[in-house]
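K.L.:
The structure follows.
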Amino acid sequence: MSTQPSAGGETTVLGACPHDCPDTCSMLVKVKDGKVTGVQGNPGHPFTQGRLCAKTNHYQERVYHPERVLYPMRRTGPKGAGRFERIGWDEALQTISARWRATIARSGPQAILPYSYLGTQGLVNGLTVGDPFFNKLGATVSERTFCDSGACTGYIMTVGPTPGMDPESFQHSRLIILWACNMLSTNAHMWPFVEKAQRNGAKLIVIDPVRTRGAQQADQHIRIKPGTDAALALAMMHVIVNEGLTDDDYIQKYTTGFDELKAHVQQYTPAFAAEMTGVDAEVIRGLARAYAATQPAAIRIGVGIERSAGGGQLVRAVTSLPALVGAWRKPGGGILQLPLWAFPINWDGLHRADFIAEGTPVVNQWHLGRALTHDLPLQAPVESLFVYNSNPLVVAPDQARLIEGLSREDLFTVVSEHFVTDTARYADILLPATTQVEQADLMFSWGHFYLTLNQPSVQPIGEAVSNSELFRRLARAMGFDDPFFYRDDEQLMRDAMLWDHPAMQGITMEGLRATGYARLNLPAPEHYAPHAEGGFPTPSGKVELKASMAAGGNFVLPVFRQGYNGFQDGGPVDALPTFRPRRETGATDAALAARFPLSMMSPKGHAFLNSNYGNMRRQLAHQGEQYVLINPADAAARGIAPDAVVTVQNGRGAFKAVARVSDEAMAGVVVAPLGYWIDRSIAGATPAALNPTAFADLGRAPTFSDNLVEVTPG
Ligand SMILES: Nc1nc2c(c(=O)[nH]1)N[C@H]1C(S)=C(S)[C@@H](COP(=O)(O)OP(=O)(O)OC[C@H]3O[C@@H](n4cnc5c(=O)[nH]c(N)nc54)[C@H](O)[C@@H]3O)O[C@H]1N2
Ligand SMILES: Nc1nc2c(c(=O)[nH]1)N[C@H]1C(S)=C(S)[C@@H](COP(=O)(O)OP(=O)(O)OC[C@H]3O[C@@H](n4cnc5c(=O)[nH]c(N)nc54)[C@H](O)[C@@H]3O)O[C@H]1N2
Ligand SMILES: [Mo]
């Protein structure tokens, strides 16, 4: 434990924010008498810049919350009642291993289903922590396409797994487009770099159906109907190629398929796009011209962009834009999607997909409700569910069916958690997990280029264990003999990175312990133009406007499915970026749109982190009750008064919320933020009850922005 003594017997430990957020802050943890007294953003860290956020400013309140799960527990009431009694770790592990052994003997290990995501994001305790264990056990593989799987697929098909722009280099941009990115809420530590560019005269454009905090600061806010952005991007290309605004030298040297793309975009006129998107044709022309003429131009896409039927091709279209105008030539130009690809992570060693037996079935996370209610053709129906790092009852769709599945008396459910979440209420065995200040971890980032070390500041509270320790205990309980399963956290950190990679040059564990963080060995932001001269990590080495990877059909990247071979069973994929209308619109399904005329989105809450903090006083005070943002015209047409309780419903379900009447929402669109708990809801449901389980076109992304509803008073 590295501590720096300071006044009054208080020490400061170099930690890191654990959350699934692009900012991955370097967090200074103040400790006195073995207790965390406060946290603060590291002022020395170039991205954190001394600030945390509304979620983590008082992280100690999460650590010492009176409702934390601190001991293993056994269910005593009916499923869902949330009644438990304390047991010991031995009893918990014996119960789990006995049940699993019986299940395996009866039905095979595939009757066990793990379910996890990013409760914590570290390389030790995060995404992959349970993968080697479950892969070895022979459990059904969980396909975790929660976040950015569709966008990553579209992006990689176009430019390959390149980190893309350095977020810090945005300060050198002359024009910035925030495209479906609610930056001031979801990526707030990047804002200073955007603001700096703006102060230097850069133009900021926000493309979002909602007048977000960022849109309020922008020079131009382009309101667009959800899920129609591909039409906008393709019409921008139409204007760029037909008005001779292209960088022909860049296109000729560093792209493939331009001639075909040029012919292909002729159909996407600004007039067509205007009809699809609701954006005026002249605005589209102006956007295309400004984007081409103002270099370096930067695009930041959010994850919110992928959540409609054509979300993957939409990202293909947007990702094609920088090459057409040569935006990649200079620092401050190009596109930023997921700089995660900059980190030389030892994914194979983390997942151990080599443990997976050929033919092991895969269940997509969006289908948990169906899997638990025997609505999927599984050879071995799910008899046991193991949830960690996730709260599916809030974050997954099909809420009513999920409750039905979790209520099954014959289902043996284990949940590892900080709190008795909506999901944890259904656990047969509930296990206590440590928070970040009680554990060690090494953090990559999907929003900047710094590797951060989180050093523990206090002993685990109660009998909580880190996820890494949990899987060591489970391996022992299941009799695994491979020493691989018993590596300590220090070894896990050392094994997580490819230390010999050029990007890791100069970075050591010892150095990280002293400073808390290190920038990957990449050029400084002001010099960072990775594709000034091409060099894209695609099969051709160029920007594939016509994607050669489309030939293999749709796929899910291994990182989203326990490392399992990703290139599987996909449907056909267009090689050129195309516009696909939403699944749920008047044009595609007039009868549906007549019954449910409003389009619902359920994006992130400002003071929640997914469903984290949905039970905490300070953040609830900030967020208020579950609300639904509705345009004044839509509210008036339905007799909905401000702050009235309303019912939001569609054919899949209903929930109640407080109406926030504001033209922040565009007409025809309602916004119900994610993160509120069922437990505290007005009528036992949250927006997830209405969300579709249908996949988007690429990477089995969700289609939560492709979702028609009606809102009624009462
Ligand atoms: N405060 C806070 N920060 C977070 C999180 C959180 O829960 N709370 N979660 C973290 C996680 S896991 C993620 S993935 C990121 C996500 O970060 P973002 O992608 O920024 O977040 P979202 O809220 O999903 O959506 C961003 C914006 O997309 C808009 N949008 C939705 N559909 C469309 C569309 O079809 N077209 C266009 N143009 N806009 C659309 C929404 O109105 C929203 O303003 O945030 C991370 N940071
Ligand atoms: N409607 C709607 N649904 C969405 C989204 C949306 O925008 N709208 N966004 C999607 C996206 S982008 C994402 S990333 C997913 C997020 O999906 P999840 O990652 O499942 O979301 P969280 O709500 O953060 O749930 C994480 C849980 O892990 C627990 N936890 C935290 N740390 C630890 C730990 O160290 N150990 C253990 N065992 N548990 C821990 C937390 O208490 C929390 O309950 O949701 C997706 N679902
Ligand atoms: Mo996410």
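The values are calculated or read from the model by the stated rules, or taken from the named source; none is laboratory data. Nothing here was measured: the structure is a model prediction, and the numbers come from that model. Here the Cβ is made from the backbone with ideal geometry for all residues, glycine too, and neighbour counts use every protein chain on show. Keep in mind that these areas ignore ligands, DNA and RNA; they rest on the heavy atoms of the full protein, side chains included. Shrake-Rupley method; radii C 1.70, N 1.55, O 1.52, S 1.80 Å.
K.L.:
Could you order the peptides 491-502, 157-168 from most to least packed, using the average number of other C-beta atoms within 10 Å per residue?
P.N.:
Going by the mean number of other Cβ atoms within 10 Å, highest first, we get 157-168, 491-502.
K.L.:
Going by Cβ distance under 4.7 Å, what cysteines of the chain have no possible disulfide partner?
P.N.:
Lone cysteines by the Cβ rule: Cys21, Cys53, Cys147, Cys152, Cys181.
K.L.:
Can you compute the equivalent ellipsoid semi-axes for the chain, i.e. the square root of 5 times each eigenvalue of the Cα gyration tensor, sorted largest first and rounded to whole Å?
P.N.:
Gyration-tensor ellipsoid for the chain: 38, 30, 26 Å.
K.L.:
Let me ask something additional. Report the Cα centroid-to-centroid distance between segment 625-688 and segment 96-122 in angstrom, as an integer.
P.N.:
The distance from the Cα centre of segment 625-688 to that of segment 96-122 comes to 37 Å.
K.L.:
More than 18 Å apart: what percent of Cα pairs in segment 183-272 qualify?
P.N.:
That fraction is 59 percent.
K.L.:
Just to confirm a number: summing +1 for Lys and Arg and -1 for Asp and Glu over residues other than Val646 whose beta-carbon lies under 9 angstrom from that of Val646, what do you get?
P.N.:
+2
K.L.:
So what is the relative contact order of the chain, in percent, for Cα pairs below 8 Å that sit 6 or more residues apart?
P.N.:
Dividing the mean separation by the residue count of the chain yields 20 percent.
K.L.:
State the answer as a single residue: which of Gly8, Thr277, Gly244 lies farthest towards the positive end of the charge dipole of the chain, with beta carbon charges of +1 for Lys and Arg and -1 for Asp and Glu, about the Cα centre.
P.N.:
Positive-end residue among those listed: Gly8.
K.L.:
If you take every DSSP beta bridge fully contained in the chain, what fraction is antiparallel? Give it as a percent rounded to 5.
P.N.:
DSSP beta bridges in the chain are roughly 50 percent antiparallel.
K.L.:
To the nearest Å, what is the center-to-center distance of segment 46-71 and segment 152-212, using C-alpha atoms only?
P.N.:
Taking the Cα centre of each part, segment 46-71 and segment 152-212 sit 27 Å apart.
K.L.:
How much mean residue ellipticity at 222 nm does the chain get from its helices, if each DSSP H run of length 4 or more adds -39500 (n - 2.57) and you divide by all residues, to the nearest 500 deg cm²/dmol?
P.N.:
Result for the chain, helices only: -7500 deg cm²/dmol.
K.L.:
Further question: Using only alpha-carbon positions, what ratio does the radius of gyration of segment 488-614 give when scaled by 2.2 N^0.38 Å?
P.N.:
1.62
K.L.:
Quick check: the angle from helix 311-325's long axis to the longest principal axis of the chain, C-alpha only, nearest 10 degrees?
P.N.:
50 degrees
K.L.:
Then there is this: Solvent-accessible area per residue for the chain at a 1.4 Å probe radius, Å²?
P.N.:
For the chain, the per-residue accessible area is 33 Å².
K.L.:
With θ set to phi - 60° and the Karplus curve 6.51 cos²θ - 1.76 cosθ + 1.60, what are the ³J(HN,Hα) couplings of segment 504-515 in order, to the nearest whole Hz, using x for Gly and Pro?
P.N.:
9, 4, x, 9, 9, 4, 5, x, 5, 5, 7, 10
K.L.:
Right, another one. In debye, nearest 20, what is the charge dipole magnitude of segment 590-713 about its Cα centre with +1 on Lys and Arg Cβ and -1 on Asp and Glu Cβ, if you could check?
P.N.:
That gives segment 590-713 a dipole magnitude of about 320 debye.
K.L.:
Please work out the Cα center distance from segment 396-455 to segment 309-342, rounded to the nearest Å.
P.N.:
33 Å
K.L.:
Positive end of the charge dipole of segment 378-502 (Lys, Arg +1 and Asp, Glu -1 on Cβ, about the Cα centre): tell me which of Ala396, Asn467, Leu378 has its Cα farthest that way.
P.N.:
Ala396
K.L.:
Please get the size of the charge dipole for segment 625-670, origin at its Cα centre, with Cβ charges of +1 on Lys and Arg and -1 on Asp and Glu, quoted in debye to the nearest 20.
P.N.:
That gives segment 625-670 a dipole magnitude of about 240 debye.
K.L.:
Between 0 and 90 degrees, rounded to the nearest ten: what's the tilt of helix 229-242 against the longest Cα principal axis of the chain?
P.N.:
For helix 229-242, the angle is close to 30 degrees.
K.L.:
Relative to the longest principal Cα axis of the chain, at what angle does helix 149-159 sit, 0 to 90 degrees, rounded to 10?
P.N.:
50 degrees
K.L.:
Report for segment 590-713 the percent antiparallel among DSSP-assigned beta bridges with both residues inside it, nearest 5.
P.N.:
Looking only at bridges with both residues in segment 590-713, the antiparallel portion is about 65 percent.
K.L.:
Among 652-662, 318-328, how do they line up from the highest to the lowest mean number of other beta-carbon atoms within 10 Å?
P.N.:
Final packing ranking: 318-328, 652-662.
K.L.:
Highest mean first, how do 216-229, 176-189 rank when packing is the count of other Cβ atoms within 10 Å averaged over residues?
P.N.:
176-189, 216-229
K.L.:
Determine the share of the chain's accessible area contributed by carbon and sulfur atoms, expressed in whole percent, with a 1.4 angstrom probe.
P.N.:
51 percent
K.L.:
Shifting gears a bit: Collect residues whose amide H, placed 1.01 Å from N in the peptide plane, falls under 5 Å from the amide H of Phe84; neighbours closer than 5 in sequence don't count.
P.N.:
Residues meeting the amide H criterion: Thr76.
K.L.:
Relative to the Cα centre, what is the charge dipole magnitude of the chain, using +1 at the beta carbon of each Lys and Arg, -1 at the beta carbon of each Asp and Glu, and rounding to the nearest 20 debye?
P.N.:
Once rounded to the nearest 20, the dipole reads 1000 debye.
K.L.:
Among Gln217, Ala231, Ala105, whose Cα projects farthest towards the positive end of the dipole of the chain, with charges put on the beta-carbon of Lys, Arg (+1) and Asp, Glu (-1)?
P.N.:
Toward the positive end, the furthest listed residue is Gln217.
K.L.:
A 24 angstrom limit on the alpha carbon distance is what I want to check against. Which of Lys196/Lys546; Lys253/Lys330; Lys196/Lys253; Lys203/Lys262 exceed it?
P.N.:
Lys196/Lys546; Lys196/Lys253; Lys203/Lys262
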